[in-house]
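The values are calculated or read from the model by the stated rules, or taken from the named source; none is laboratory data. Note that this is a predicted model, so its numbers are computed, not measured. Note that each Cβ is placed from the backbone with ideal geometry, even for glycine, and that neighbours are counted across all protein chains shown. What goes into the accessible areas is simple: the full protein's heavy atoms, side chains included, and nothing from ligands, DNA or RNA. Shrake-Rupley method; radii C 1.70, N 1.55, O 1.52, S 1.80 Å.
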Amino acid sequence: MLCAIWLAGCGQGAAEQRLLHYQQRLAEALDVASPPNATPRNIGRFPERQARLFSLPDIRVGLTDIYALRGCHISNLVAKRNNQLGKVAAPSQRWLYELELWRRLKACWNTSVPSSLDAEDRQRLDRLTRLKTEHLPRASWNALFDSSEWVDSFSRASSPLPPAALSAVDTQMPALKYLRTAAQRQLDPDWSTDSTTLEGHLNTLRQRPLTAEILRALLLVEQRLEEASSLLDRALARPTVCSTELPDMASLAQWLTRLDRQAIRWLSALGDLIDAHPPTPPAAVATYRHAWLSLENPQAPLASMRAARKHHRELRRAYATQCR
């Protein structure tokens, strides 16, 4: 039994099939040949690892010096980070380590430990606390942008998001909001997180490469609507021939409107998450964001799709006016 692709959408090719079906009906109504279908451009390659991460120099402290600060309860954390498992820990776990280390150093100042230290060790504690405070926002950025869950969301080896899967935005949105809260409140002693909660949200992002799927859906719509507009351009050039009625676009328009809304929600949430981190992101990420994730850049996928859709509506109105 054939899937009801024109009404509900099914499978990864549902978006393509809806658009091609509309093109076919439009060509028949206008009595022109169907347009050649070009392959939509692919999304840009996500920045390479070194280009998207902050460089964080190691802070080297001798074992004797760490022992002097044993009252701050950081010795076990440092040992855990430096052992074999710590060196290969997932990016999110490395950030949790940095977060916990900063919190113990910060809390240590509210104890009797600093007054019990000699001047050199107290100075060392102050230096460690200041450096970890400065590095923590960049550490959380690196944890996000080095995680496979985040990077895979931008995978070029993806398909356009099917019309029936637009609710995936609602499924994955809580993960973005939580990660944004974590970035905003990591220096707030009244906020806390744990490995289970953090990994749970990252695993939500792992369900599908949603960012890439949305971008590819926008590019696909732009391409196919431009091709459909070329049919109207050809028909408008021969005003003596008129169709009695253009094919109805209501069902297609409903999907495109929902795609537009969900894309805005998702891209806005991505922007909010990026903005929750250090004010000057790596240049490669800023460039990628402007080219592919922007809501304002007229060359970015969302604005390009909107422009193609607006142009197509204008051509339909022009054709209807001419035929009247």
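Observations
- Kirkwood-based shape ratio for the stretch 229-322, expressed as Rg/Rh from alpha carbons: 1.17
- When you work out D = kT/(6 pi eta Rh) for the stretch 13-154 at 20 °C and 1.002 mPa s, using the Kirkwood radius from C-alpha pairs as Rh and the Stokes-Einstein form, the result is 110 µm²/s.
- From the C-alpha gyration tensor of the stretch 165-233, square roots of 5λ in Å: 39, 13, 7
- Taking Cα atoms only, the orientation of helix 168-185 departs from the longest principal axis of the chain by about 30 degrees.
- Accessible area of the stretch 203-271 belonging to carbon and sulfur atoms, whole % at 1.4 Å probe: 48 percent
- The residues neighbouring residue 139, those whose beta-carbon lies less than 9 Å from its own, together hold a net charge of +2 under the Lys/Arg +1, Asp/Glu -1 convention.
- Taking 0.36 nm per residue of sequence separation and removing the Cα-Cα distance, the residue 126/residue 311 pair yields an extension gain of 60.5 nm.
- Scaled against 2.2 N^0.38 Å for its residue count N, the alpha carbon radius of gyration of the stretch 269-321 is 1.62.
- Extension gain for residue 323 to residue 188 (0.36 nm times residue separation, less C-alpha to C-alpha distance): 42.1 nm.
- Where the Cα pairs of the stretch 123-171 fall when distances are cut into 5 Å bins, in %: 5, 15, 13, 15, 13, 10, 8, 7, 6, 5, 2, 1
- All aspartates and glutamates inside 19 Å of residue 310 as judged from Cα atoms, apart from same-chain residues fewer than 8 positions distant: 222, 226, 227, 233, 248, 260, 296
- Within the chain: Cβ-based charge dipole about Cα centre, in debye rounded to nearest 20 (Lys, Arg +1; Asp, Glu -1): 140 debye
- Gap separating the Cα centres of the stretch 268-291 and the stretch 166-242, nearest whole Å: 15 Å
- Helix-only mean residue ellipticity at 222 nm for the chain, each DSSP H run of n ≥ 4 adding -39500 (n - 2.57), per residue, nearest 500: -20500 deg cm²/dmol
- Over all distinct Cα-Cα pairs of the stretch 92-166, the Kirkwood formula returns a hydrodynamic radius of 15.3 Å.
- Values of log10 I(q)/I(0) for the chain across q = 0.13, 0.14 Å⁻¹ run -0.95, -1.05, by the Debye formula with one identical scatterer at each alpha carbon and no solvent.
- Dipole of the chain, positive end: most advanced residue of 95, 230, 205 [Cβ charges, Cα centre]: 230
- Sequence-distant residues sharing a close amide H with residue 155 (under 5 Å, placed H): 212
- Separation in nanometres of the label points that stand 7 Å from Cα toward Cβ, at residue 257 and residue 70: 7.0 nm
- Overall, the ratio between the Cα radius of gyration of the stretch 110-223 and 2.2 N^0.38 Å, rounded to two decimals, is 1.53.
- Couplings 3J(HN,Hα) for the stretch 137-142, derived from phi with the Karplus relation 6.51 cos²θ - 1.76 cosθ + 1.60 (θ = phi - 60°), are x, 6, 5, 5, 4, 4 Hz, where x marks Gly and Pro.
- Dimensions of the stretch 169-317 along the principal axes, based on C-alpha atoms and rounded to the nearest Å, stand at 74, 31, 21, largest first.
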